[in-house]
Amino acid sequence: MTPKPTGPPDGGWGWVVAAAGFAVNGLSYGVLRSLGLAFPDFAEYFDRNAQETAWVSALALAVQQAASPVGSALSTRWGVRPVVMVGGVLTSLGFVFSAFAHSLLHLYLGLGVLAGSGWALVFAPALGTVSRYFSRRRVLAVGLALMGNGASSLLLAPALQLLLDNFGWRGALLLLGAVTLHLTPCGALLRPLALTGDPLALPRSPLAALGLGLFRRPAFLVLTLGTALVGVGYFIPYVHLAPHALDRGLGGYGAALVVAAAAVGDIGARLLCGWLADQGWVPLPRLLTIFGALTGLGLLAVGLVPVVGNEDSWGGPLLAAAGVYGLSAGSYAPLIFCVLPELVGIGNVVQATGLVMLLLSLGGLLGPPLSGFLKDETGDFTASFLMCGSFVLSGSFIYLGLPKALPSCRQASRPGTPPPEMGELLPVPQVALLSPGDPHSTLDTT
């Protein structure tokens with residue numbers, strides 16, 4: 001039976017959906033963030049340099065984000081549940097296939113193409129579904145879902161290092177294949193929801209299903225352009241933060257501690273930023289600009305940390321810089337997705353999420369190999385992190401073109417009002433209501 005359209009429940013089963021989004025995020029980006037610990041083993045076994053091994057994560061990120069509109073379109077046509085469940089199976093098969101790799105090309109195909117394709121089918125549909133279940137608590141709910149990234153990094157970074165030490169990189173990838181298979185039951189929890197802002201009919205063409213018409217909206221075009229630049233630098237720490245810590249003189253577990261410090265900051269910031277944004281004190285586009293700029297400054301600080309004296313050192317300055325980066329990046333992450341309903345409306349949020357991931361893929365494909373190239377040329381990752389911080393700052397500057405990103409000279413409106421489901425930054429439609437006892441209609445803009 002087709003459910004009757006209604007408003008977002010703002011709770012109830014929505015918290016189960018948010019928990020499923022938490023697990024989906026942890027088993028996608030959390031795994032990718034920790035996978036850099038295995039790159040030195042890849043480089044040593046296949047006798048390749050840092051630039052060539054960086055293409056493993058670069059391809060996984062690029063495929064996952066470039067194919068995200070496909071995952072959104074398939075979920076629009078066939079539903080979120082089956083699409084996410086199939087994506088979980090593909091991701092698991094990618095890790096299992098890579099565990100038997102005999103060349104770096106096999107890792108490109110297994111982790112980059114196969115696992116990346118699976119992640120493309122799970123992330124955008126799951127995160128879009130979380131946004132559809134909430135209105136007033138949307139940023140908090142999305143922040144809780146995106147906490148899976150930091151929580152997974154916090155647990156997986158030391159666990160993966162332990163697996164590498166005891167079972168080697170092949171055994172570690174095989175076990176990660178079993179772990180990522182849990183994406184399938186997460187998809188089963190994504191119960192479909194019909195909302196009043198949904199399109200009345202399914203898209204008739206593949207281009208319409210992809211939502212390419214959203215690029216005709218100027219605000220959405222500004223958002224995607226800035227996000228593409230941010231993506232060049234945003235994902236470099238996912239790949240090279242652990243190798244950067246090793247390059248600065250820390251041991252394997254010291255590098256894992258640096259990744260864990262970034263994860264702790266990331267977790268705390270997503271909760272705090274979600275609560276702050278839901279209060280309505282500051283417009284979401286302005287918060288997005290501020291925390292994007294702080295993320296860029298945090299990456300610059302990570303790159304300028306001096307060399308540690310010995311492997312037994314805790315690396316205090318690098319730990320602090322990684323924590324600052326985690327706080328700012330964790331605040332930025334939920335905002336980039338929660339601003340979408342205000343720009344495109346709740347009915348288009350799943351398609352918009354896929355398109356934003358597509359634009360992020362352009363940066364995700366360029367950033368890690370460019371970072372590896374700079375490392376090979378200069379001998380360390382200092383230039384790499386300075387470069388990625390500059391790209392993030394450039395993208396944050398473009399966000400200033402979003403509505404309400406800059407303070408207005410007019411008197412501020414009453415804070416705390418939740419954004420309408422048609423979009424706070426979109427025109428408010430006038431609806432004609434008919435009273436049972438009055439044949440004349442009255443205009444209402446509620």
Restricting attention to helices (runs of 4 or more DSSP H) lying wholly within region 68-149, give those where 3 or more residues are crowded, with 23+ Cβ neighbours inside 10 Å.
68-78, 80-98, 116-132
With respect to Val222, determine if the residue is of a type in the set (A, V, I, L, M), within 18 Å of the chain's Cα centre (by Cα) and part of a helix (DSSP H, G or I).
no
Considering only residues that are open to solvent by 10 Å² or more (accessible area, probe 1.4 Å) and closer than 16 Å to Ser57 by Cα, which ones fall in region 359-368?
Leu360, Leu362, Leu365, Leu366
Within the bounds of region 385-397, is there any residue that is in contact with a Pro (Cβ under 8 Å, 6 or more places away or on another chain), modelled with pLDDT under 80 and open to solvent by less than 60 Å² (accessible area, probe 1.4 Å)?
no
Filtered residues of region 94-112 (kept if more than 22 Å from the chain's Cα centre (by Cα), within 19 Å of Phe167 (Cα to Cα) and not small (Gly, Ala, Ser))
Val96, Phe97, Phe100, His102, Leu107
Need pairs with beta-carbon distance below 9 Å; first residue among the β-branched types (Val, Ile, Thr) and within region 155-179, second open to solvent by less than 40 Å² (accessible area, probe 1.4 Å) and outside any helix (DSSP H, G or I); sequence gap 6+ or separate chains.
none
State yes or no: is Ala23 in a helix (DSSP H, G or I), aliphatic (A, V, I, L, M) and within 14 Å of the chain's Cα centre (by Cα)?
yes
Write out, first by first residue and then by second, each pair whose Cβ atoms fall under 7 Å of each other, whose residues are 6+ apart or on separate chains, and whose first residue, in region 350-361, is farther than 16 Å from Ser75 by Cα and small (Gly, Ala, Ser) while the second is open to solvent by less than 20 Å² (accessible area, probe 1.4 Å) and in a helix (DSSP H, G or I).
Ser361/Leu61; Ser361/Ala62; Ser361/Gln65
Take the conditions within 26 Å of Pro203 (Cβ to Cβ) and of a type outside the set (Lys, Arg) and apply them to Leu32. Does it pass?
no
So how many residues does region 40-61 have that are open to solvent by 10 Å² or more (accessible area, probe 1.4 Å) and hydrophobic (A, V, I, L, M, F, W, C)?
5
Can you give me the number of residues within region 209-225 that are over 21 Å from Ile398 (Cα atoms) and modelled with pLDDT of 85 or more?
0
One residue is enough: does region 185-196 have a residue meeting the conditions assigned to a helix (DSSP H, G or I) and buried (at least 16 other Cβ atoms within 10 Å of the Cβ)?
yes
Using the structure shown, decide if Leu90 is in contact with a Ser or Thr (Cβ under 7 Å, 6 or more places away or on another chain) and closer than 22 Å to Ile336 by Cα.
no
Could you tell me whether region 398-407 includes any residue that is over 16 Å from Leu223 (Cβ atoms), aromatic (Phe, Trp, Tyr) and either surrounded by fewer than 24 Cβ atoms within 10 Å (Cβ to Cβ) or at pLDDT 85 or above (or both)?
no
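The values are calculated or read from the model by the stated rules, or taken from the named source; none is laboratory data. Values in this document were obtained by computation on a predicted structure and should not be read as measured data. Virtual Cβ from ideal backbone geometry, glycine too; neighbours counted across all protein chains shown. Ligands, DNA and RNA are stripped out before the accessible areas are found, and what is left, the full protein with its side chains, is counted by its heavy atoms. Shrake-Rupley method; radii C 1.70, N 1.55, O 1.52, S 1.80 Å.
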